[in-house]
There are 2 protein chains.
Amino acid sequence: MADSDKDRPSVQDSLKQVVGLLRKHELARRLAEREETPGQELVEGVGGEQSFTELQKKLEQLHPADVAYVLEALPLAERLAVWDLVKAERDGEILLEVSDAVRETLIAHMETKELIAATEQLDTDEIADLAPDLPREVMQDVFRSLSFEEREQLRSAMSYPEDTVGGLMDFDMITVRDDITVEVVLRYLRRLDEMPDHTDQLFVVDRQQYLRGLLSVSRLLVADLDTPVTAIMAGATVHLAPDEKAQDAALAFERYDLVSAPVVDGDGKLIGRVTVNSVVDFIREDTDSELLSAGGLREEEDLFASVWSSVKNRWTWLAINLVTAFIASRVIGIFEGSIEKLVALAALMPIVAGIGGNSGNQTVTMIVRAMALGQITAASARKLFAKEIGVSFINGLIWGSVVGLFAFFIYHKWQLGLVMTGAMVLNLLLAAIMGVAVPLSMQKLGRDPAVGSSVMITAITDSGGFFIFLGLATLFLVP
Amino acid sequence: MADSDKDRPSVQDSLKQVVGLLRKHELARRLAEREETPGQELVEGVGGEQSFTELQKKLEQLHPADVAYVLEALPLAERLAVWDLVKAERDGEILLEVSDAVRETLIAHMETKELIAATEQLDTDEIADLAPDLPREVMQDVFRSLSFEEREQLRSAMSYPEDTVGGLMDFDMITVRDDITVEVVLRYLRRLDEMPDHTDQLFVVDRQQYLRGLLSVSRLLVADLDTPVTAIMAGATVHLAPDEKAQDAALAFERYDLVSAPVVDGDGKLIGRVTVNSVVDFIREDTDSELLSAGGLREEEDLFASVWSSVKNRWTWLAINLVTAFIASRVIGIFEGSIEKLVALAALMPIVAGIGGNSGNQTVTMIVRAMALGQITAASARKLFAKEIGVSFINGLIWGSVVGLFAFFIYHKWQLGLVMTGAMVLNLLLAAIMGVAVPLSMQKLGRDPAVGSSVMITAITDSGGFFIFLGLATLFLVP
């Protein structure tokens, strides 16, 4: 175990080492600056120099993804110090791996020449990924340096939004013709220095680039040499269209356990492929942004972003919530007369609103998830409505009785307890109905139900809860 | 395009077709039951028969994962009707694909004999995945039917928890010895009928099964026949230990774009492999359960679960929230005297509490995410604290002024406005401090900060917000 651990230091360990070396270097530099004694300066200077080369060596050993990880975890000044130490020819790969927020900070720190050099080392589909963050003149220069075919690929890759199959697509596929034998294929492959990553299959095409089938590498290895390609190729059960949603491609990869899949245009011509590594990255980013937006962050935030840019990132959400809070506040305002007469209402009303919000969000989570998987049909929607109403009714009775007893126990008024119970039941029913209806109607309106459904439900159950509880109390309790 | 669509009906289309056929069959059966006229019965009976075989044919064409998808989306009665139509030899694969909740409903509907037959067709690592859901006598029977080697594999696979590398591991790897040439390897492979899925590399071991290196299939294809294996194999930069966290393995797959990785024991002996498809499934399940728990659902819920089991699934969360709501209610209770004198406080207090909760949850989302990636070091924690406090202070001033103006505008008391602003600033600062401190301390206590941090923050900012606002108001406003 000790041995295998030595082979593979975890990326967290690397981070710690880099931070340690940075500190050592920085400390040495500062001491050297402060102390004027030449002897002292020399000693410390050497220590600083040493940690500097050590750091550079350490970075060289790290995988680009690990360098990216270290950069993400460092505050801005240290991040840029490390970035300067990274060999120029690795800049491109590393820029691809860091998050959008961190990429901006790195690119802002680079000169045009450096950016061009970094970009030119990349594949066309990778350049397309970086393109939105690069200055115009850099892209123009890079574009001029490409071959005709590469320019076409770049144009094609850039024409698709990030969340489509076209955005995930690369052009590193090996194609073979459909009129040859296994032996010819193997001879052809042996002439290549190496095969592109994630080549689990070759794409069989005819003279006009129409996709004819897929030839898995495993079959190629176990096949007899004189077998014709057409005899062992499989039909392309999954082929993607470039304008298909990336989400759907991801589901296909998950479902059918794919490593790569062909992308064909409307006529059936092969134009690229999608590989599982881009799908994994997409899934991670997709669920990440779902979690971020559930938490009310507009986008991924650089951990060490300036206070000001963080404030802006969190702005929208707080503003929306302020509006819903104002509305709820005005609903309470209507009943100020009742509260003045029976102040217990003020203490009890947040319970009704809060539990309603929780219950509604449970329903929304269920429904949004099933909708994302496309599992809700017209017939099942009705069943789901019935089920959610049933669940809420039971929950309302149970938890409503608990809060009713609580109210009775604190305020010694059984009428108050009954009103609490009734308000809880009604607010949970409201939560259930809106918890199903809101995401369904958002989808009908062509909006993403995952974004905003939860805010809306909370707003409804807050204002609704206050209204129901204070309204019932005004009707039945207030003299 | 029309052509390619015909090849690959989407799984949603399949679902619709199955539902349609089920309805047709059901309708025919009912009509046949109701109408006694023999002619009528015959006609409808034929229609029913026809849709029955059509349905069976349709199911046969579907990939096991797609059958699983259809089963998930159907209410219980229809789900079991479809399940009965699935060919017995496909039962095992399909059981592996459905969610835990749906698997329970299917297994409960099967006889011991059927279960044994379904399980026996699976690989040992797959049997291990099903094992927790199978009745004891089924597992005993299956175990007896296995070879000695398979029993060892099953024992090994079952000994690791689901969320470890051992839980993701399979045994379908091809190993080759380190003292042979490419030609021998190719000859050996050609004797196999087919290679296991996701074989992007062979594992090179010595006589004692110690892992010596990895031989990628692509290199094998492009290498000269007389090259020794050791000359073209790569060192295993990533090898996993069976008790490592699955989460860490997933990060390694993402970071290094892996298709498969070897699993070695403490001595360095090869015991299995992990493939990208299990990693993708793990990532999906992991983020899913994160989203579910963020929404307050204990576990994945069968869309058509009985009302009662849904109530139980949502129970814990509502109970916890009830307790925090009771506490907040009692905090308000302390200030009932003040509210009686100045009823505006009742209408304004939910604003302070609500915005505090939102701001705190934004901080928690950021911190939990960075912690999951291991990006928070002791030094950066201090910086993050400072940043979050800065963000909250600015947000508090801005939004506090907005709500202060709102309060002034509604109630025409500038003192009330000032108290609102002050309370907002203080509550957002509380939210920031606790938003960093709560997840960090949960991690120190060895608990998962993703679960519960959000509830705790909301509880703190609710009770804290009421206390701060009503406390300030009592000090400065109430006569």
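The numbers here are math on the coordinates, done by the rules we state, and not lab data. As the structure is a computational prediction, the values presented were derived from the model and not from experiment. Note that each Cβ is placed from the backbone with ideal geometry, even for glycine, and that neighbours are counted across all protein chains shown.
Seen from every direction in turn and averaged, the convex hull around the alpha carbons of the protein assembly as shown projects onto 49.0 nm².
Here the Debye sum runs over all C-alpha atoms of the stretch B:62-171 as equal scatterers in vacuum, and log10 of I(q)/I(0) at q = 0.20 Å⁻¹ comes out as -1.06. In plain terms, if you count all Cα to Cα distances in the stretch A:314-476 and split them into 5 Å steps from zero, the share in each step is 1, 10, 17, 19, 18, 14, 10, 6, 3, 1, 0 percent. Each pair of Cα atoms in the stretch A:175-294 enters the Kirkwood radius, and Stokes-Einstein at 20 °C and 1.002 mPa s then converts it into a translational diffusion coefficient of 138 µm²/s.
Projecting the Cα atoms of A:Leu440, A:Pro161, A:Pro228 onto the charge dipole of chain A (Cβ charges, centred on the Cα centre) puts A:Leu440 farthest toward the positive pole. Centre-to-centre, using Cα atoms only, the stretch B:92-122 and the stretch B:152-172 are separated by 19 Å.
Rounded, prolate or oblate: which one fits the stretch B:283-409, using the alpha carbon gyration tensor with axes a ≥ b ≥ c (rounded when a/c is under 1.5, else prolate when a/b beats b/c, else oblate)? Taking the square roots of the gyration eigenvalues as a ≥ b ≥ c, the stretch B:283-409 is oblate. For the stretch A:248-295, the C-alpha radius of gyration sits at 1.38 times the compact-globule guess of 2.2 N^0.38 Å, with N the residue count. Compared with the dominant Cα axis of chain A, that is its longest principal axis, helix A:276-294 is turned about 30°. Amide H contacts of B:Thr164: B:Ala246, each under 5 Å away and 5 or more positions distant or on a separate chain (H built 1.01 Å from N in the peptide plane; Pro and chain starts excluded).
Evaluated at q = 0.15 Å⁻¹, a Debye calculation over the C-alpha positions of the stretch A:393-479 (equal weights, vacuum) places log10 I(q)/I(0) at -0.61. The DSSP beta bridges internal to the stretch B:175-294 are antiparallel in roughly 75% of cases. Calculate log10 I(q)/I(0) of the stretch A:295-336 for q = 0.14, 0.15, 0.26, 0.35 Å⁻¹, where I(q) comes from the Debye formula with a single equal point scatterer on each Cα and nothing for solvent. Each listed q corresponds, in turn, to -0.45, -0.48, -0.84, -1.11. Cβ-to-Cβ counts within 10 Å put B:Thr458, B:Thr421 in ascending order as B:Thr421, B:Thr458, the fewest first.
Computed on chain B, with alpha-carbon pairs under 8 angstrom and 6+ residues apart, the relative contact order is 10 percent. Which of the residue pairs A:Lys24/A:Lys87; B:Lys387/B:Lys413; B:Lys387/B:Lys444 have a Cα-Cα distance greater than 28 Å in the structure shown? Long pairs (Cα-Cα over 28 Å): B:Lys387/B:Lys413. Rounded to the nearest Hz, the phi-derived 3J(HN,Hα) couplings of the stretch B:104-111 under the Karplus curve 6.51 cos²θ - 1.76 cosθ + 1.60 (θ = phi - 60°) are 4, 5, 6, 5, 4, 8, 9, 8, where x marks glycine and proline. Database remark: amide H of B:Ala236 closer than 5 angstrom to the amide H of B:Leu214 (H placed geometrically; neighbours at sequence offset of 5 or more, or on other chains; Pro and chain starts carry no H).
Taking amide hydrogens as placed 1.01 Å from N in the peptide plane, the amide H of A:Ile271 sits under 5 Å from those of A:Val263, A:Val264, A:Asp265, each at least 5 positions away in sequence or on another chain. Helices in chain B, meaning DSSP H runs of at least 4 residues, each add -39500 (n - 2.57). Divided by all residues, the mean residue ellipticity at 222 nm is -22500 deg cm²/dmol. Rounded to the nearest 20 debye, the dipole size of the stretch A:144-243 about its Cα centre is 280 debye, using +1 on the Cβ of Lys and Arg and -1 on the Cβ of Asp and Glu. Which of the listed residues, A:Ala241, A:Leu214, A:Val274, is farthest toward the dipole's positive end in the stretch A:175-294, when Lys, Arg count +1 and Asp, Glu count -1 at the beta-carbon? It is A:Leu214, whose Cα lies furthest towards the positive end. Plainly put, the tip 7 Å out from Cα toward Cβ on A:Arg298 is 4.0 nm from that tip on each other copy, the closest given first. Semi-axes of the equivalent ellipsoid of the stretch B:84-140 are 14, 13, 12 Å, computed as sqrt(5λ) over the eigenvalues of the C-alpha gyration tensor in descending order.
Here the Karplus relation 6.51 cos²θ - 1.76 cosθ + 1.60, evaluated at θ = phi - 60°, turns the backbone of the stretch B:400-417 into coupling constants of x, 5, 4, 5, x, 5, 4, 4, 5, 5, 7, 10, 6, 10, 5, 5, 5, x Hz, with x for every Gly and Pro.
The equivalent ellipsoid that matches the C-alpha gyration tensor of chain A spans semi-axes of 54, 37, 20 angstrom, in descending order. Please figure out what share of the DSSP beta bridges in chain B is antiparallel and state it in percent, rounded to the nearest 5. Just about 80 percent of them are antiparallel.
Listed by chain and number, the lysines whose alpha-carbon sits under 30 Å from that of B:Lys269, ignoring those within fewer than 8 places in the same chain, are A:Lys6, A:Lys16, A:Lys58, B:Lys245.
In terms of other Cβ atoms within 10 Å, B:Thr164, A:Thr199 run from fewest to most in the order B:Thr164, A:Thr199.
Counting only DSSP beta bridges with both residues in the protein assembly as shown, the antiparallel share comes to about 80 percent.
Helix B:64-73 and the longest principal axis of the Cα set of chain B meet at an angle near 40°.
Compared with the dominant Cα axis of chain B, that is its longest principal axis, helix B:76-85 is turned about 10°. Taking the label point 7 Å along Cα→Cβ, B:Thr112 and its counterparts in the other copies are spaced 8.1 nm apart, in ascending order. In order along the stretch A:380-388, the phi-based Karplus estimate (6.51 cos²θ - 1.76 cosθ + 1.60, θ = phi - 60°) of 3J(HN,Hα) comes to 6, 4, 5, 4, 5, 3, 4, 5, 4 Hz; Gly and Pro are listed as x.
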